[in-house]
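The values are calculated or read from the model by the stated rules, or taken from the named source; none is laboratory data. Owing to the predicted nature of the structure, the values given are computational and were not obtained by experimental measurement. All Cβ positions, even for glycine, are placed from backbone atoms using ideal geometry, and neighbour counts span all protein chains on display. For accessibility, only protein heavy atoms count, side chains too; no ligands or nucleic acids. Shrake-Rupley method; radii C 1.70, N 1.55, O 1.52, S 1.80 Å.
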Amino acid sequence: LLFSSVFQINEIKIAGMQKVSQEEIMAKVDEILPKSILLLKTKSIFLADISQTKKALLQNFPQIEEVTFDRRFPTGLNVEVKEREGRALWCNSECYLIDKDGVIFETIADNNQLMQIRIEGATDQIQLGQSVISRELLSSLLKIEGLLKEKSGLETEKAIVVSDERVNFKTREGWEIYFNLNEDFEWQVTKLTLVLEKEITPEKRAALEYIDLRFTRVYYK
C-alpha cells in the first residue's frame with residue numbers, strides 16, 4: 001500500500017505567497033516529503049510528514065508566518081502560506097521589516113512609510129527570523145504612533161526605547177516627544193495636544209527640541 005502508485009503524491013498546490021517564490025517552496029517540500037523504507041523511496045500520502053515539512057519551511061523562509069497543509073486523497077497536497085506583514089523597521093547598519101510579533105523577516109531599504117524602532121543597548125548581531133522586540137512593547141509603540149497621528153496630526157519617524165519606562169519618539173518635524181511607558185498613553189497625548197494648541201506657537205514650534213510628557217507637568221525646550 002505504501003508503495004502503490006495510487007497513493008503517491010504527484011500534485012502539490014501552493015497558495016498565499018507574495019514575496020516567497022512558489023518554486024522555492026515547492027523545492028523544499030519535494031526535498032522533505034520522500035521517505036525511505038527498506039532502501040526504497042516513497043512519496044506515499046499516508047507517510048507525508050506534515051510536521052517536519054512545516055518546520056523546514058518556517059526555518060528556511062523567515063517571511064512565512066504560518067503554513068497549513070491539507071491532504072487531497074489519493075495523490076494531492078495543498079499548501080497554504082501566510083506571510084508576515086511589516087509593521088515597523090528595525091535599523092542598524094541595515095534596515096529590516098518587523099512583524100506584529102516583533103520578528104525581523106526581510107532586509108529592506110529605509111522605508112519612509114514605516115516608523116523605525118530601536119532599543120538602546122540592543123545587540124546589532126541579529127538574523128532573519130529572530131525576535132528583536134517583545135510583542136507587547138511593539139504593540140505599545142504602535143499604539144502611541146497611532147494616537148499621535150490621530151489626535152495631534154503628528155507623523156513619527158523613529159521610536160527609541162531608552163528604558164523600561166521611557167521611549168523617545170522623533171517626529172518628522174525634527175523634534176522629540178518623551179513618553180512614560182507605564183502611564184496612560186491617551187492622557188499623555190492629550191497633554192501634548194493641549195500644549196501644542198495653547199503654549200507653543202507655530203514660530204516656537206519651528207525651533208522646538210523636545211516635549212517631555214513623563215510627569216504631571218509638561219516640560220518642553
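Per-residue Karplus couplings for the stretch 47-60, computed as 6.51 cos²θ - 1.76 cosθ + 1.60 with θ equal to phi - 60°, are listed in order as 9, 4, 7, 5, 4, 5, 5, 4, 4, 5, 5, 5, 6, 8 Hz, Gly and Pro entered as x.
Placing R0 at 35 angstrom, the Cβ-Cβ distance between Glu155 and Gln127 gives a FRET efficiency of 0.70 after rounding to 0.05. What separates the Cα centres of the stretch 22-87 and the stretch 154-221 is a distance of 48 Å. Taking a point 7 Å from the Cα of Ser134 along the Cα-to-Cβ direction, the residues of the stretch 143-182 with backbone N closer than 12 Å to it are 164-165, 182. Of Ser134, Ser93, Ser36, the residue with the largest accessible area leads and the full order is Ser93, Ser36, Ser134 (1.4 Å probe). Extension gain, Glu203 to Leu1, is 64.5 nm, computed as 0.36 nm per intervening residue step minus the present C-alpha separation.
Once the 1.4 Å probe is applied to the protein heavy atoms, the stretch 1-56 comes out at 63 Å² accessible per residue. Helix-only arithmetic for the chain: the sum of -39500 (n - 2.57) across DSSP H runs with n ≥ 4, divided by the residue total, places the mean residue ellipticity at 222 nm at -7500 deg cm²/dmol. The relative contact order of the chain comes to 12 percent, based on Cα pairs under 8 Å that sit 6 or more residues apart.
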